[in-house]
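Shown next, in structure tokens, is the structure this report addresses.
No lab work stands behind these numbers, since they all come straight from the coordinates. The shown structure was predicted, so the numbers you read here are calculated from the model rather than taken from an experiment. With ideal geometry, Cβ positions are generated from the backbone for all residues, glycine too; neighbour counts draw on all protein chains shown.
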Amino acid sequence: MQKQNNTVELLEQVLGIKFTNKSILKVALTHSSFANQKKKVEYNERLEYLGDAVLELIITEHLFKNCSDKSEGALTKIRSLIVCENSLYEIAQNLYLGKYMLMSKGEELTGGRERSSILADCVEAVIAAIYLDKGLEVARKFIIDNFQDIIERAIDNKIILDYKTKLQEVIQSKGEVSINYNMLKSEGPAHRPTFEVQLVIDGENQSQGIGSSKKEAEQNAAKNMLTKMEMKYE
């Protein structure tokens, strides 16, 4: 119990928010796998539902006020790039949410602390916890402060959803190149597998990717390669 309380206090420092009701933040960090091992333990599914609505409202309002030159259709497209699993996963990584979450040992051993869907859901749950404990204005500030870079990239159409296609366009713009994604391993239970793939370009290993499906692992390998290329030419 003391360890869990310390976890909440450490995350409060990361968030820059002191909770009046610390138990609500603990619930936001609790995955269903952890609750299933305990009796009468709440987990973050309901908070995730509320957080999704709060996030969409605040992003919609922000875009409406700050993008007066955009049509309704353009605003909807921009919002979909911001309020999506990839963006939420990026926020979770920035906040190191995975290390603060409460989950079963089994979930942890199969990559739960890095699983994009779990972390994205946790971000929404944390947003709901902030909203319930501190109100809409604090929730708004938290969202805008943490999503600002993603918002700007979405407005400028610089968010990539299909990393494999983007990588192929970048690499093959210089000539015909062989690009392959080779499966390294698949582990974990059937209902919660983890896949790892190796990206091979012209016969040379370049990057690896992990995901809850082969497709997601390939996308992450391509994303890692694009990041590697950007760093090389900075």
*Could you give the length gained on full extension between MET229 and SER213, defined as 0.36 nm per residue of separation minus the Cα-Cα distance, in nm?*
3.3 nm
*Using alpha carbons only, how many degrees (0 to 90, rounded to 10) separate the axis of helix 163-172 from the longest principal axis of the chain?*
30 degrees
*Among ILE155, ILE130, what is the fewest-to-most ranking by other Cβ atoms within 10 Å?*
ILE155, ILE130
_Could you derive backbone 3J(HN,Hα) for the range 58-72 from the dihedral phi with the Karplus parameters 6.51, -1.76 and 1.60 (θ = phi - 60°), listing whole Hz in sequence and x where the residue is Gly or Pro?_
5, 5, 4, 4, 4, 5, 4, 7, 10, 10, 5, 8, 9, 6, 4
*Measure off 7 Å from each Cα along the Cα-to-Cβ vector at GLU85 and LYS185, then give the distance between these two points in nanometres to one decimal.*
2.3 nm
*Work out how much length GLU9 to GLU169 would gain on full extension: take 0.36 nm times their residue separation and subtract the Cα-Cα distance, in nm to one decimal.*
53.1 nm
*Among SER116, SER71, SER23, determine the one that fluctuates most according to a GNM of the chain built with springs between C-alpha atoms less than 10 Å apart.*
SER71
*asked:* Under 37 °C and 0.692 mPa s, how fast does the range 19-81 diffuse according to Stokes-Einstein, given a Kirkwood radius computed over C-alpha pairs? Answer in µm²/s, whole number.
replied: 234 µm²/s
*Round to the nearest 10 and give me the degree value, 0 to 90, for the angle of helix 214-233's Cα axis relative to the longest principal axis of the chain.*
80 degrees
*Per-residue Cβ neighbour rank within 10 angstrom, fewest leading, LEU11, LEU132*: LEU132, LEU11
_Percentage relative contact order, the chain, counting C-alpha pairs under 8 Å, at least six apart_ = 17 percent
_Estimated distance in nm for a label pair at LEU57 and LYS70, the labels positioned 7 Å out from Cα along Cα-to-Cβ_ = 2.0 nm
_Taking 0.36 nm per residue of sequence separation and subtracting the Cα-Cα distance, how much length would be gained by fully extending the chain between ARG46 and ASP149, in nm to one decimal?_
34.3 nm
*Which residue, ILE127, ILE201, ILE143, has the most motion in a Gaussian network model of the chain that connects Cα atoms within less than 10 Å?*
ILE201
*Separation of alpha-carbon centers, the range 142-221 and the range 53-124, rounded to whole Å*: 18 Å
*Describe numerically, in nm with one decimal, the distance between label points set 7 Å from Cα along Cα→Cβ at LEU136 and at SER23.*
2.7 nm
*Using a Förster distance of 41 angstrom, determine the FRET efficiency expected from the C-beta separation of ASN94 and LYS39, and round it to 0.05.*
0.75
*asked:* Tell me the mean residue ellipticity at 222 nm calculated for the chain from its helices only (DSSP H runs of n ≥ 4, each -39500 (n - 2.57), averaged over every residue, nearest 500).
replied: -19500 deg cm²/dmol
*Towards the positive end of the charge dipole of the chain, with charges on Cβ (+1 Lys, Arg; -1 Asp, Glu), say which of VAL123, ILE201, MET225 has the farthest Cα.*
VAL123
*Please identify, among GLN208, GLN93, GLN172, the residue showing maximal mean-square fluctuation in a Gaussian network model of the chain using a 10 angstrom Cα cutoff.*
GLN172
